[in-house]
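First comes the structure, then the notes that go with it.
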Amino acid sequence: MEHNVEVALLMDFYGAFLTARQQTVMQMHYEEDMSLGEIADGLGITRQGVHDALRRGETALGECEARLGLVGRYRQVQRLIGQARELTRDGRALSAQECAKLDRRLGEIAELWEGSNGL
């Protein structure tokens, strides 16, 4: 399951770099949860062709991430925003009003990031 989530996230960021066939096969398998046989029947190709398209697609997505690192940065930003939000919620260093304002701003940043990336 974790592998499927990882591939779906990579698809969100880099799916446009795949061939049309790879995009279709990847979406059918990872988003629609179709088996290799179902995809093969639907597209009129062999199961081996589906398997090869999936592996090539996964490899291409991994190479994009290795070069660009956008998913890693996205996760880091989300982690840091989460940590900052936790710090503001306890109210130790800032007044309650300042914490609430900062928490709202961090939420806006997270929404802006997610909205700009279609996530």
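The values are calculated or read from the model by the stated rules, or taken from the named source; none is laboratory data. Predicted, not measured: the structure shown is a model, and the values here were computed from it. Quick reminder, even Gly has a Cβ in these numbers, built from the backbone with ideal geometry, and neighbours come from all protein chains shown.
Quick one: which residue in LEU10, LEU61, LEU54 is touching a residue at least 12 places away in the same chain (Cβ under 8 Å), in contact with an Asp or Glu (Cβ under 8 Å, 6 or more places away or on another chain) and assigned to a helix (DSSP H, G or I)?
Of the residues listed, the single one that is touching a residue at least 12 places away in the same chain (Cβ under 8 Å), in contact with an Asp or Glu (Cβ under 8 Å, 6 or more places away or on another chain) and assigned to a helix (DSSP H, G or I) is LEU10.
Given the condition surrounded by 12 or more Cβ atoms within 10 Å (Cβ to Cβ), within 25 Å of the chain's Cα centre (by Cα) and over 30 Å from ALA20 (Cβ atoms), answer yes or no: does some residue in region 84-92 qualify?
The answer is yes; a qualifying residue exists.
Only one of these is more than 13 Å from the chain's Cα centre (by Cα) and either small (Gly, Ala, Ser) or under 25 Å from GLU114 (Cα atoms) (or both): MET11, MET34, MET26. Name it. Please lay out each step first, then the result.
Details: MET11 fails: more than 13 Å from the chain's Cα centre (by Cα); MET34 fails: either small (Gly, Ala, Ser) or under 25 Å from GLU114 (Cα atoms) (or both).
The conditions single out MET26.
ALA20 - would you say it is loosely packed, with under 13 Cβ neighbours inside 10 Å, closer than 21 Å to GLY72 by Cα and modelled with pLDDT of 95 or more? Give the derivation first.
On the way: loosely packed, with under 13 Cβ neighbours inside 10 Å: yes; closer than 21 Å to GLY72 by Cα: no; modelled with pLDDT of 95 or more: yes.
Spelling it out, it is not the case that ALA20 is loosely packed, with under 13 Cβ neighbours inside 10 Å, closer than 21 Å to GLY72 by Cα and modelled with pLDDT of 95 or more.
Please work out if GLN97 is polar (S, T, N, Q), free of Cβ contacts under 8 Å to residues at least 40 places away in the same chain and under 24 Å from VAL5 (Cβ atoms). Step through it out loud before you land on a result.
Numbers: polar (S, T, N, Q): yes; free of Cβ contacts under 8 Å to residues at least 40 places away in the same chain: yes; under 24 Å from VAL5 (Cβ atoms): no.
It is false that GLN97 is polar (S, T, N, Q), free of Cβ contacts under 8 Å to residues at least 40 places away in the same chain and under 24 Å from VAL5 (Cβ atoms).
Exactly one of (1) in contact with a helix residue (DSSP H, G or I) (Cβ under 7 Å, 6 or more places away or on another chain); (2) surrounded by fewer than 14 Cβ atoms within 10 Å (Cβ to Cβ) is unmet by LEU54. Its number?
(2)
Which one of the conditions (1) surrounded by 15 or more Cβ atoms within 10 Å (Cβ to Cβ); (2) at pLDDT 95 or above does ASP41 fail to meet, given that it meets all the rest?
With (1) surrounded by 15 or more Cβ atoms within 10 Å (Cβ to Cβ); (2) at pLDDT 95 or above applied to ASP41, the lone miss is (1).
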